[in-house]
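Everything on this sheet refers to the single structure shown next.
Each value in this text was obtained by applying a stated rule to the coordinates, not by laboratory testing. Everything numeric here is computed off the predicted structure, so don't read it as measured data. Here the Cβ positions follow ideal geometry from the backbone for every residue, glycine too, while neighbour counts run over all protein chains shown.
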There are 4 protein chains.
Amino acid sequence: MTASPPLNVAMIGYAFMGAAHSQAWRNAPRFFDLPLTPVQQVICGRNPEALAAAAAKLDWRHTETDWRAAITRDDVDLVDVCTPGDTHAEIAIAALEAGKHVLCEKPLANTVAEAEQMAAAAEAARANGVLAMVGFTYRRVPAVQLARQLIAEGRLGTIRQVRAQYLQDWIADASAPLSWRLDKTKAGSGALGDIGAHITDLIQFVTGQAITGVVGLTETFVKERPVATEFAGLAGTGGAELGPVTVDDASIWLARLAGGAIGTFEATRFAWGRKNGLRFEINGSAGSLAFDLEDLNVLEYFDAGEDARTAGYRRILVTEPEHPFVSAWWPAGHGLGYEHAFTHQVVDLVTAVSAGEQPEPSFADGLAVQRVLAAVEQSAQGGSTWLDIPAAG
Amino acid sequence: MTASPPLNVAMIGYAFMGAAHSQAWRNAPRFFDLPLTPVQQVICGRNPEALAAAAAKLDWRHTETDWRAAITRDDVDLVDVCTPGDTHAEIAIAALEAGKHVLCEKPLANTVAEAEQMAAAAEAARANGVLAMVGFTYRRVPAVQLARQLIAEGRLGTIRQVRAQYLQDWIADASAPLSWRLDKTKAGSGALGDIGAHITDLIQFVTGQAITGVVGLTETFVKERPVATEFAGLAGTGGAELGPVTVDDASIWLARLAGGAIGTFEATRFAWGRKNGLRFEINGSAGSLAFDLEDLNVLEYFDAGEDARTAGYRRILVTEPEHPFVSAWWPAGHGLGYEHAFTHQVVDLVTAVSAGEQPEPSFADGLAVQRVLAAVEQSAQGGSTWLDIPAAG
Amino acid sequence: MTASPPLNVAMIGYAFMGAAHSQAWRNAPRFFDLPLTPVQQVICGRNPEALAAAAAKLDWRHTETDWRAAITRDDVDLVDVCTPGDTHAEIAIAALEAGKHVLCEKPLANTVAEAEQMAAAAEAARANGVLAMVGFTYRRVPAVQLARQLIAEGRLGTIRQVRAQYLQDWIADASAPLSWRLDKTKAGSGALGDIGAHITDLIQFVTGQAITGVVGLTETFVKERPVATEFAGLAGTGGAELGPVTVDDASIWLARLAGGAIGTFEATRFAWGRKNGLRFEINGSAGSLAFDLEDLNVLEYFDAGEDARTAGYRRILVTEPEHPFVSAWWPAGHGLGYEHAFTHQVVDLVTAVSAGEQPEPSFADGLAVQRVLAAVEQSAQGGSTWLDIPAAG
Amino acid sequence: MTASPPLNVAMIGYAFMGAAHSQAWRNAPRFFDLPLTPVQQVICGRNPEALAAAAAKLDWRHTETDWRAAITRDDVDLVDVCTPGDTHAEIAIAALEAGKHVLCEKPLANTVAEAEQMAAAAEAARANGVLAMVGFTYRRVPAVQLARQLIAEGRLGTIRQVRAQYLQDWIADASAPLSWRLDKTKAGSGALGDIGAHITDLIQFVTGQAITGVVGLTETFVKERPVATEFAGLAGTGGAELGPVTVDDASIWLARLAGGAIGTFEATRFAWGRKNGLRFEINGSAGSLAFDLEDLNVLEYFDAGEDARTAGYRRILVTEPEHPFVSAWWPAGHGLGYEHAFTHQVVDLVTAVSAGEQPEPSFADGLAVQRVLAAVEQSAQGGSTWLDIPAAG
C-alpha cells in the first residue's frame, strides 16, 4: 500500500470534542481507503502543560499555545475547530482567510450574525478552493444515513409529520454545578443550542426540507446552581456559592417544513432516565421511520404498502455491508458506537477536500440551523408567537 | 350472594361506543362487588330494525326509538349517552333535568358553549342528588391509574415536562372515505377533538394540573376524499364522488401547566404504523414515567433516587394484585385489553352513584378539556399565537 | 336477530378457570354470530354456599353439588370440565358416555394412561356425534393464530429451529406457601404439566409438527414450603409448618420435531420478573417468527426474502380487521387481553359442535402433549437420556 | 505525560480478528493510562504482498512471513495469536517457550488435547513470569462486566437458572458458500466452537460457576454448499461445485452448573433476523439479569426486593461513568460499539503483564470451555446422553 498524500491537520481545543476528533483522525485511514492521509500535525491550547499532556495522549506531533500561530503554519492544511461556540467565528474565519480548510464543531456560532459572517467567509474561501464544513456529526450515524436515503428514494412518499426530541438528564439534579454550558455569554443558549441544534439539523438533513417557521417555548427550571469548584467532562462538583443559570434548561417548539409537513421539537436536559435520547419519527404518505440514538444501530421503518396482515414497524439492524459506512468496519451484525460517526465525518470531509468539492453540512447549513434556533428563542421571548424563517440565500 | 339493588340503565346510541359500554355494563358485576347491580334496561336508536338487532346482540331488555321517551322512563335510573358529540348537550341536559344520572361519552360536546351548559346542568342536578360523569375511559387503564398514584404520592417530585402523543393511521391512506368523523358539523373537529381530547384529559388527570395556556398548529393533509358508499366501524369504502374534509387531520400544540411544567402535544390520524399510539412521558424533579396504549399493561418508571450504577427505566407489568383494578380479574401476569377500562369506569360510576358522590371525571373536567381544545383550534386559526386558558370556576 | 338454538352448558368447577370460562360463555354470542347460543345452565361444585355465590357471581341458572347429576341432566348439552387435572378423566369420560359434548381444561390428564382412556372415549363418542375438545386456550390468541397461518402458508419455509419458554415467577419466593399445584398427587407435575403443557401444545400447533423425541432435566429449587393457611387465586399465606414440594419448579428439555427441526424448551415458575412470559421464536428456511404472551397483541416476523438494506423483524400489531377473530371486537388498534382467547375457544367449539365436526385441539392432541411431558419427566428421572416419542395412533 | 515503558507486540494473522486487535492496540493508550505502552512492532502472515498492505493499513512497523521468526525476535515482548484455531496450540506454546507473553484468540484450540497442552504450557511459563490469556472478548463489554459485578455482590442471590443463546443468520441462506469455518479440519466445529464457545465462557464468567454436565443435540441443516470462489470477511460467492459441510449449523444443550443451577444453551447460524444475538438471562433467588449483544450498551435487571407495585425489569443504559471502563471514553450516555471490548481486553492484559499477575481468562479458562464444548459434541454424537464434566485441576 502506497500511502495517499498527507492532509496535515491542526486541531484547536482538546476537551470532549478534541478527543472525539482525534480518535476520528487517527482511525479513519485504518478502515477506509482515503485519497488523502490525515496527519495529526498540530494541537493548540492555552495551557502549555495540559497541552503537552493532551498532545501525548491524543497523539499529535506538535503543539501551539496561540491559535493564530497554529492556523498560519505552512505544515497545516486543515484547521479543526473544537473550542466553545463563542470563539468559532473568529478562528474559523481567520483560518479560511489563511487558506486552510476548516472543520468547525457545531453549533456553527452562538449568534446568527456570527454565523452569517462565517457562511460568507466560507463562500469567499470556496472560490479559492478552500473548503469549510460544520460538524453535525450525527448525520453520519449509519442508521441516520439510511433514513436519509430511504426518504430521498421516495420510500416515505410526501413527508407530512415529524417529531424530534433530544432528551438528556445530565443537569436534572438541581445540585449539579454551574458550568460554561449554563452561561449564556459562553454557550449562547442551553439545551436549545447544544442539543436542539442537532435535531434541527438532522430533521432538515433527513427530510431534505428547510424549517420555514416556528413557535417556541423555553424554560429554566433551576434558576441558580452551585458554582463549580471542579469539573471533569460534563460533570463536576459545586460549592456553597450559588450563581445564576442564564440559559434554557428545556426548549420546545412547533414548526413547518418547506414541503408542507408540520413538526414538534423538544430539547431538554431534564428528562430523567434519558441519557442521550435523540429520537425522531417521520411520517410520510407512504410510510414512516423512527430512530433513537440510545439504540443507534437500529432504524425502524414502516412500509404502508405492505399487506395489512403482516405490516409492522421493522427493526432494521443497520449493521449489514449494504448499509452506509458499515462494510469498512466489521462483519454483519457487529454494532458501532457513538464515536464512529466522527470517523465517517473525516472520511467524507477528506474525500470532498481531495476532490475540491463542497463537504456537507456546509457553513450555510450551519447558518440555517442557527436561524431556526434564533427564531425559537425570539419566539419564546416574545410570548410564543409564530415566526417565519426566510429561506437561505 | 344477595344481589345488590338494581341500577337501571338506558343507553342512547349503539355503535362502537355502544358495544363497548354494553360490554362494561354486562361484565362489571361479574368481577367486582358492586353496591348497585347494573341492569341493561333500555337501548335507544332511530332505526327500529337495527335497534332490535342491537338489543338482541348487546343484551338489552327494551328498546326506544325516541331518546326523549327513553330518558323519562320510570324504569331508568341512569342514561348512558353514546351518540355523536353534536347531540350530547341536548340529551345529557334533558336526562339530568329528568332526574337521571348521566354517563356521557367524550368529548363532552363539540363546542365550549355547549360544554358550559352541560357543566352548569350537572352542577344544578348534583344539588338534587343527580350525578354526571364524562367518559374519558383511558383514565381507568390500570397503568394510567398507577401513573396517577405515583405522581400523587410525590414519586416524581415537581412535574417539569410532559410530552403526549396520540398517533393513529386510520386515514393516512388518502383513499379512505369521508365519514361523519371528518365532517366538522358532526364531529366538531378531527384528530383534535377525537383523540387530542384523550391526551388532554389524561395529562391533566395524571399530573393533577390544569393546562393554563397553549399555542397550536393544525393541518388537513388530504383535503378531499371519496364520499363513503358504505361504512363499517371506522372503516368503509368510497365511490368516485369527492367531498371536502372539514376537520384537522393532525393537531400539535405546546402548553403550560398550572404547576409550571411545559409540554408538547400531538394528535394525528396520519402516523403510518401507529395504530393506537397514545403515549405520554412525564419528567419530574425526582423521576419519570412513560406509557404507550399499544402496550397497555406496562408502565415505565425511572426513579432518580436510584444508584447510578443500576438506575434505569423499569418496565412495570401492571398486572399484579397490588395494581389498581387488577385483583378483580385474573391471577398476576394475565394482561387486560382495551375494553376493561370501560368496565372499571362502570365500577367507579356505580360506586359513586350509590354513595351519592361526584364521579370523576365530572362534566366540569370535560369542560376543562373542551376549553383547551378550543384554545388550540383558535390559536391555530389565528396564526399560532399563545392563548391563556382561564382557570375553571 | 332471531337467536340461534341454545347450547346448554354445565360447568364443573368454578375457580380461576371457571371464571375465565364463564366470561367466555357469556360474551361469545355478544360479539360473534354463533350457530348455537350458549346458555349458562348449570354450575357444579361441592360446597353449596360457595357454589351459590359462584352461580350468582358468574351468572349460572342452576347448581348441582354432584357432578354425576350435572352431567346427566336432560337440559345439558355440553360439559365444561374446569376441575383439577386428577379428576378430568373420570368426569370427561362419564360425560361423553352420557352423550354430552365436552370441553376439558388442560392438561388433559395427569397421566398418559388417563389421557389415553380419554382419547379413546372421545373417539368412541365421536362415532355417536358427541364431540370433545381440550382447552389449550392460547392457540386462539390472534397473534398465535396468525403465526400458525403464516407457517401453514409457507412463509417460513422449512422449519429448522424452535425455542419456547414459559417463564413465570409466582413461587420464586421461597416463602410462598404450598398449594395443591405443588402436590404431585393432585397436580401430576409442576411447571412441566402446568405451563410446559402450553408451550408443547403451541409449538406442535404453530409448526404443524409433532415432537418426536426429547431429553429433559427438571429441578425443585425449594424443597419445603410453609403449609398454606389461606389461599386466594394462585397466592396465599403459609404458617410455621413446612411441607414437601413434590413437583418440579422448573423443567427444561431439548426436542426434535417430525419435520427435522430441533428445539429448546423451558418451563419455570422461578424466573423473577417474568410474570407470564410465554415466548416462542421459530426459524425456518425463509423467515422467522417471535411471540411473547406478555405483549400478546404483537407478533414479530422476519421475512428472509426482503432486501438486506431494509430487512428487519416486523412488530406486527395483531389488532387489524384482517387478523384472526379481531374484526368481531373493536376497531383497528384496540388490543385484546388474556381472556379473549377463551371467548375465541367458545366460538370455534360452538361452531364445530353445530357442524358436527371435530373441534381442535382434540383429546388426541391433548394426549400427544401428555406423551411429550411424560417423556420429559421420564428422561429427567433417568439421568437425562434421550427418549423417542412414538407417533400417535 | 511521560510515556510508560513499551510493550512490543507481534501479531500473527491479520484477518477479521487481526483488524479488531490492531484497533485495540492502537487505541488503548489513547483513552486509558497504561503502565506499559503497546507498540505495534511486528505483523506476521504468509503472503508478502497482502502482509505489506495489512502492515500499512493496520499500522504495524515490521513484517515477518514466518511466525517462528516473529515470535523469537528480541524486539517482541508479547505474541498476539489471531490465526485459525487449528494453529493456536503450536504457535502459542512456541511463543510461551520463547519467553513471550501470549494473547490467543478464542477458541483456545480445536481439541481438548491441544487445549490441555496449551494450559500446561501456560502454567509452566507462568513460573517464569511469562503470562498467557485467551481472548474471550465479550467478557469486557461493560454491560457484561456489570452483570458479573452484580452477581458477585450477591444482588441475584443463589443462581437458579440460566438461558443463553447466540443467534446468527449468516449462513441461513442455503446458497451461502463453503468457507474454512464450515470445514471440520480447520474450524474444529461449527456454531458450537465459534459462538457456542462465547456463551459457555460468558455464563461461567458471569455466574462464577463451572458447567458440570451437559446433554447436547447438534444439527447440520444444509449438508452441501457451493465451494467458494471468492471470499471477503465472512461472506463470499460460490460456484456450481458443491462440497460437504462437516460442522454443525446449530447446537443446543442443557447443562448443570456447579452451584446447582440448570441452564439451556443454543448456538446457531440459522436464526434468520438475528445478526449477533448473543443473549443471556439469569435468574437467582433475589433477582434476574438479561443481556443482548444486539443492544450491547444495555443490561436489564430485576430486583426481587422491590415493592410489587413498582417492580419491573430495569433497562440500565451502561454508559455512565460509574460503569466498568466507561469513564475513560465519552460523557454519560454515549454508547460504545463492538470493538471497544477488544480495547478493554488490551487494558486488562497490559495491566496484568505489568504487575506480573495472571490475566483473565487464562488458558485454563479456555480449556474449561473446550471441555464443555467437547462434551456437548460427544453427547450429541452418542444419541444425546448426559455427560458429566470433571472439575478442572
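The table below lists the values:
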| quantity | calculated |
| --- | --- |
| Rounded to 5, percent antiparallel among DSSP beta bridges of the protein assembly as shown | 60 |
| Shielding score for C:320-330, defined as the mean number of other chain Cβ atoms within 10 Å | 4 |
| Under 5 Å, built H, 5+ apart or other chain: amide partners of residue C:286 | C:157, C:158 |
| Residues A:151, B:203, D:252, sorted so that the one with the fewest Cβ neighbours within 10 Å comes first | A:151, B:203, D:252 |
| For the stretch B:263-273, Karplus couplings with θ = phi - 60° (6.51, -1.76, 1.60), whole Hz, Gly/Pro x | x, 10, 9, 8, 10, 8, 10, 10, 8, 2, x |
| For B:373, D:257, C:387, order by how many other beta-carbon atoms lie within 10 Å, fewest first | C:387, D:257, B:373 |
| Approximate spin-label separation residue A:149-residue D:186, in nm, with each point projected 7 Å along Cα-to-Cβ | 2.9 |
| Most fluctuating residue given options C:224, C:114, C:153, as computed from a GNM of chain C linking Cα atoms under 10 Å | C:153 |
| For the stretch C:55-64, 3J(HN,Hα) per residue [Karplus equation, 6.51 cos²θ - 1.76 cosθ + 1.60, θ = phi - 60°, Hz, x = Gly/Pro] | 4, 5, 5, 9, 6, 10, 6, 10, 10, 9 |
| Nonlocal amide H pairs with residue B:8, under 5 Å, H built at 1.01 Å | B:39, B:77, B:78 |
| Average Cα contact separation per residue, chain D, under 8 Å, 6 or more apart, as relative contact order % | 20 |
| Other copies of residue B:97: label-to-label distances in nm, shortest first, labels 7 Å along the beta-carbon direction | 7.0, 8.1, 10.7 |
| Copies compared at residue D:49 - label distances in nm, ascending, label defined 7 Å from Cα in the Cβ direction | 5.5, 8.6, 9.6 |
| Trypsin sites (Lys or Arg not before Pro) restricted to the stretch C:171-233 and DSSP loop, no more than 15 other C-beta within 10 Å | C:223 |
| Label distances, nm, residue A:33 versus same residue in remaining copies, Cβ-directed 7 Å point | 4.3, 6.8, 8.0 |
| Chain C residue with Cβ closest to the axis mapping C onto A, distance in whole Å | C:314, 2 |
| Fewest-first ranking of D:180, D:272, B:67, using other Cβ atoms within 10 Å as the exposure measure | D:180, B:67, D:272 |
| Net charge contributed by nearby residues that have their C-beta within less than 12 Å of residue C:51 (K/R +1, D/E -1) | -1 |
| Distance between the stretch C:325-393 and the stretch D:77-145 - C-alpha centres, whole angstrom | 52 |
